[in-house]
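The values are calculated or read from the model by the stated rules, or taken from the named source; none is laboratory data. Every value quoted in this text rests on a predicted model; they were computed, and no experiment measured them. Quick reminder, even Gly has a Cβ in these numbers, built from the backbone with ideal geometry, and neighbours come from all protein chains shown. These area figures cover heavy atoms from the full protein model, side chains too; ligands, DNA and RNA do not enter into them. Shrake-Rupley method; radii C 1.70, N 1.55, O 1.52, S 1.80 Å.
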Amino acid sequence: MESLGMLVADGLINMDIVDKTLGSFATTAWEKSKGMFLDIREQHSDPFAGEYYQWLAEGIDERMKKNPRKPFYVKG
């Protein structure tokens with residue numbers, strides 16, 4: 001997820017594609033692993049651990065809240 005976040009941040013992959021394909025997976029996985037990354041940042045003095053992953057997950061979460069979408073198979 002960190003690498004994917006870097007690719008999106010650098011504009012090499014479109015956020016819409018990631019949102020549609022991995023959106024809820026990315027946000028759920030971040031919530032489950034967030035504590036680990038925060039511990040790494042604090043205990044190992046590495047403020048960059050998971051920074052792109054966090055940015056990606058929080059960005060997708062914000063997009064999903066502002067513009068919830070219906071599954072493609074739901075008409076209307």
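Determine the dipole magnitude for the chain: charges of +1 sit on the beta-carbon of Lys and Arg, -1 on that of Asp and Glu, nothing else is charged, the reference point is the Cα centre, and the result goes in debye to the nearest 20. Spell out each step's value before the answer.
Values: 10 positive and 12 negative charges, 132 e Å.
The dipole of the chain has a size of about 640 debye.
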Under a Cβ-Cβ cut-off of 13 Å, what is the net charge of the residues other than residue 66 that fall near it, where Lys and Arg count +1 and Asp and Glu count -1? -1
Can you give me the distance in nm between label points at residue 4 and residue 17, each placed 7 Å from the Cα along the Cα-to-Cβ direction? 1.3 nm
I'd like the orientation of helix 51-66 relative to the chain: the angle between its Cα long axis and the longest Cα principal axis, in ° from 0 to 90, rounded to 10. 30 degrees
Taking the dipole about the Cα centre of the chain, with the C-beta of Lys and Arg at +1 and of Asp and Glu at -1, give me whichever of 13, 40, 3 is farthest to the positive side. 13
Pull out the extension gain between residue 66 and residue 41, defined as 0.36 nm times the separation in residues minus the alpha carbon to alpha carbon distance; nm, one decimal. 6.1 nm
Loop-located trypsin sites (Lys or Arg not before Pro) in the chain, at most 11 other Cβ atoms within 10 Å (DSSP): 69, 75
Give the label of the value calculated from the structure for semi-axes √(5λ) of the Cα gyration tensor in Å, choosing from (1) 55, 21, 10; (2) 26, 14, 9; (3) 19, 16, 12. (2)
Lys and Arg at +1, Asp and Glu at -1: neighbours of residue 27 with Cβ under 12 Å from its Cβ sum to -1
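Among the chymotrypsin sites (Phe, Trp or Tyr not before Pro) within the chain, which fall in a DSSP loop and have no more than 12 other Cβ atoms within 10 Å of their own Cβ?
Working: sites: 25, 30, 37, 48, 52, 53, 55, 72, 73; in loops: 48, 72, 73.
Listed in order of number, the matching sites are 48, 72, 73.
With a 1.4 Å probe and every protein chain left in place, work out the accessible area per residue of the chain in Å², rounded to a whole number. Working shown, then result.
Working: 5620 Å² over 76 residues.
That works out to 74 Å² per residue.
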For residue 66, give me every one of the lysines with a C-alpha distance below 21 angstrom, ignoring sequence neighbours fewer than eight places off in its own chain. 20, 75
